[in-house]
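Just below is one structure, and these are the notes that go with it.
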Amino acid sequence: MPLVANPRIIFNEIPAGLPSADRTLLCDETATIDIEHTELSGGILVKVLALSLDPYMRNRMRPLDTPGDMPVFPLGDV
């Protein structure tokens, strides 16, 4: 089977107000995956059909020095 796209969402910037679809989260579509020969090491491979932001995630999209009840998402991370 040929390689298939394996896009990832990257947290790019801390939003001021509402998150921006073109700046806050970036979609990197450069990665591919060979679904027939990928070593799963006992795990499973799933296909994500939709992603949604909720208040839990918004709480984690804050600066490192802002206190909160959950760890922050590091910028540039997936």
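The values are calculated or read from the model by the stated rules, or taken from the named source; none is laboratory data. This is a predicted model, so every value here is computed, not measured. Quick reminder, even Gly has a Cβ in these numbers, built from the backbone with ideal geometry, and neighbours come from all protein chains shown. Only protein heavy atoms, including side chains, enter the accessible area calculation; ligands, DNA and RNA are left aside. Shrake-Rupley method; radii C 1.70, N 1.55, O 1.52, S 1.80 Å.
Solvent-accessible area of the chain (1.4 angstrom probe, protein heavy atoms only): carbon and sulfur portion equals 60 percent. Extending 7 Å from Cα along the Cβ direction at residue 39 and again at residue 4 yields two label points whose distance is 2.2 nm. Averaged over its residues, the chain has an accessible area of 80 Å² per residue, based on protein heavy atoms and a 1.4 Å probe. Placing pseudo-labels 7 Å out from each Cα toward the beta carbon at residue 65 and residue 20 gives an inter-label distance of 2.3 nm. Ignoring trypsin sites (Lys or Arg not before Pro) that are buried or in helix or strand per DSSP, and keeping those with at most 10 other beta carbon atoms within 10 Å, what is the longest stretch of the chain between them? With a cap of 10 other Cβ atoms within 10 Å, the longest stretch comes to 48-78.
Placing +1 on the Cβ of every Lys and Arg and -1 on the Cβ of every Asp and Glu, with nothing else charged, gives the chain a dipole about its Cα centre of roughly 260 debye. Here the range 49-69 is scanned for amide nitrogen atoms under 19 Å from the site 7 Å beyond the Cα of residue 28 along Cα-to-Cβ, giving 51, 61.
On a per residue basis, the convex hull of the C-alpha atoms belonging to the chain measures out at 128 Å³. What separates the Cα centres of the range 1-21 and the range 27-78 is a distance of 9 Å. Taking amide H as placed 1.01 Å from N in the peptide plane, the amide H of residue 72 sits under 5 Å from none that are at least 5 places away or on another chain.
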